[in-house]
Amino acid sequence: VSQSRYSRSGSVRPAYARYDLDVETNPEAKIVSVGRANSYKAPISIHRFFGQSKYVPTVITSVGVDKDSVEYYERNKELPHLLNLKHDQVMEHMRTATASVITCAIETYGIAALESLSVGTPILIKTHEHLTHASTEIPASPEHFRQFYKEDPIPLVEQLAKVDRTEIKQATLEKHSRENWVRDMTMAFEMTVDKYKKLGSSSGSLEDFF
């Protein structure tokens, strides 16, 4: 996935999909979460949701230098996890999982969701009570994801396991093609510059405006 740092899901697609990995039609009974170790992303929380199920929680994480990241990791490091994997290893875990879980309830971009869907793996999204999750804008179809807040997520994974993974990949690559991404980014910049021009001198320099 190639990412733009200027965009947000819901207005401009945050990235385009460039992977062309084989779809795993017989995925492993495992659930993957990918994210920095901190209380905001909370990747290790999938042990709480799936620790007693047939799905093996597979946490892929890294530790930052900030206090929250270090303390979160210290509190949870005894639970099974994979630390500092290379990106191709992360993608292989995603590709072979039954589903990926987006554990960050207030997501900005949805990059992990796009990476998972681009290799045919559906996503399960941990949501916030009052906010729309950015990752819900990523799937090409409502069939490719489920959301949960307080309910049991395991039945939702069972539903996702029945979805055609090849269709997930193909639809995702079409929706998030490089051509669509370039089109949307071009439009976003044109609209932003147009807004700057309409505001006139009160908005300061173009550099300050951005």
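The values are calculated or read from the model by the stated rules, or taken from the named source; none is laboratory data. In this text the structure is predicted, and so the values were computed from the model without any measurement. Virtual Cβ from ideal backbone geometry, glycine too; neighbours counted across all protein chains shown. Note: accessible area is taken over every heavy atom of the protein model, side chains too, but ligands, DNA and RNA are not part of it. Shrake-Rupley method; radii C 1.70, N 1.55, O 1.52, S 1.80 Å.
Label-to-label distance, residue 158 versus residue 29, with points set 7 angstrom from Cα along the beta-carbon direction: 1.3 nm. Per residue, the chain reaches -10500 deg cm²/dmol at 222 nm when only DSSP H runs of four or more residues are counted, each adding -39500 (n - 2.57). Taking the Cα centre of region 71-210 as origin and assigning +1 to Lys and Arg Cβ atoms and -1 to Asp and Glu Cβ atoms, the resulting dipole is close to 140 debye.
Note: relative contact order over region 60-210, using C-alpha pairs below 8 Å and six or more positions apart, is 18 percent. Note on region 27-82 and region 129-183: Cα centroid distance 21 Å, given to the nearest whole angstrom. Between amide H atoms placed 1.01 Å from N, distances below 5 Å from residue 31 occur with 56, 58, all of them 5 or more places distant or on a separate chain.
Close amide H contacts of residue 16 (hydrogens built in the peptide plane, cut-off under 5 Å, sequence separation of 5 or more or a different chain): 2.
If you count only protein heavy atoms with a 1.4 Å probe, what accessible area per residue comes out for the chain, rounded to a whole Å²? Write down the numbers at each step before the final one.
On the way: 11360 Å² over 210 residues.
Each residue of the chain exposes 54 Å² on average to a 1.4 Å probe.
Taking square-rooted eigenvalues a ≥ b ≥ c of the alpha carbon gyration tensor, is region 132-184 rounded, prolate or oblate, where a/c under 1.5 means rounded and, failing that, a/b exceeding b/c means prolate? Cα axes put region 132-184 in the oblate bin.
So, by mean Cβ neighbours within 10 angstrom, what's the order for 28-35, 64-71, 118-125 with the highest one leading? Numbers along the way, then the final one.
Numbers: 28-35: 21.2, 64-71: 12.2, 118-125: 27.0.
Highest mean packing first, the order is 118-125, 28-35, 64-71.
Helix 67-76 and the longest principal axis of the Cα set of the chain meet at an angle near 20°.
Think of the chain as a dipole: +1 on every Lys or Arg Cβ, -1 on every Asp or Glu Cβ, centred on the Cα centre; then among 172, 61, 189, 189 lies furthest on the positive end. Calculation over all alpha carbon pairs of the chain in 10 angstrom steps from 0 returns a P(r) of 9, 32, 33, 17, 7, 2, 0 percent.
Taking GluC sites (Glu not before Pro) across region 126-201, the ones in a DSSP loop with at most 15 further Cβ atoms lying within 10 angstrom of their Cβ are 129, 151.
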